[in-house]
Amino acid sequence: MKSNATSLALVSDGTIKMDGGQVFGQVPKVIWENFAPPDRRNRVNLGLNCLVVKNGDSCVLIDTGVGTKEPEQLKERFGVSRSGLLKNLRNMGISPKEITHVVLTHLHDDHSGGSTRLDRSGEAVPTFPSATYFIQREAWEEAVHPNERASQSYQGHDFMPLKERGQICLLDGAAEVAPGVRVKVTGGHCKGHQMVVINHGGERVAFMGDLVPTHHHLRVGCIPSLDVFPEETLETKRELL
């Protein structure tokens, strides 16, 4: 399909704080602290940015931020005081039931945490009950069966309720998930990490997830130490940037 998205809107889930050394990798602190001043715990501020793509009857949300299930843990670990995704969607006139597609670049908890919420009984349920959630099969398998290094990045209650309710679509490589919205596997940050490319007004817009977590990472050699496959990140950035 060649159809174009009718509208794009960036929607914030707030900000998080992460260790600057992890974020900027081999870039020396004496360089990165000039453009990303750390706090006393060496953490830098990062935006939790999601994207809404509307096209006809489809309303696509890309990534879901950290969510609201564990506010105290989020505050301590990430410096998050409140998740703002649902509020900001409502301010745009979009209710959770109107989201038809959710594309997750990967399943780390700062990108997939908002995919589920706690209901009144304390059970984790899908935040977007009408949506199909699109994830690369490789990313799913790593999240469900993480090794010791990766296990702290995944929280089962962020994504297992989606599987239990039949809302997961596992992808094996590049695919069009909605009119004018395609995914491409980048790898690098983790197994099955994917970016999203949107046709919009004769142009292509790329949502790169953690391939390019900040504008500073547009520099090809600026690669987070968190990336599991940094050589893949390097090659993909060389290809795209």
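Points worth noting:
- In order along the stretch 12-21, the Karplus-derived 3J(HN,Hα) couplings, from 6.51 cos²θ - 1.76 cosθ + 1.60 at θ = phi - 60°, round to 8, 9, x, 9, 10, 10, 9, 4, x, x Hz, and Gly and Pro are given as x.
- Lysine pair number, Cα distance threshold 24 Å (strictly under), the chain, separation 8 or more or different chains: 21
- Whole-number percent relative contact order across the chain, with pairs defined as alpha carbons under 8 Å at least 6 apart: 21 percent
- Helical runs (DSSP H, four residues minimum) scored at -39500 (n - 2.57) apiece and divided by the length of the chain put the mean residue ellipticity at 222 nm at -5000 deg cm²/dmol.
- Sequentially through the stretch 150-158, phi angles give Karplus couplings (6.51, -1.76, 1.60; θ = phi - 60°) of 8, 4, 6, 8, 10, 10, x, 6, 6 Hz, Gly and Pro residues having no value and appearing as x.
Laboratory data are not the source of any read-out in this text; all were calculated from the coordinates shown. This is a predicted model, so every value here is computed, not measured.
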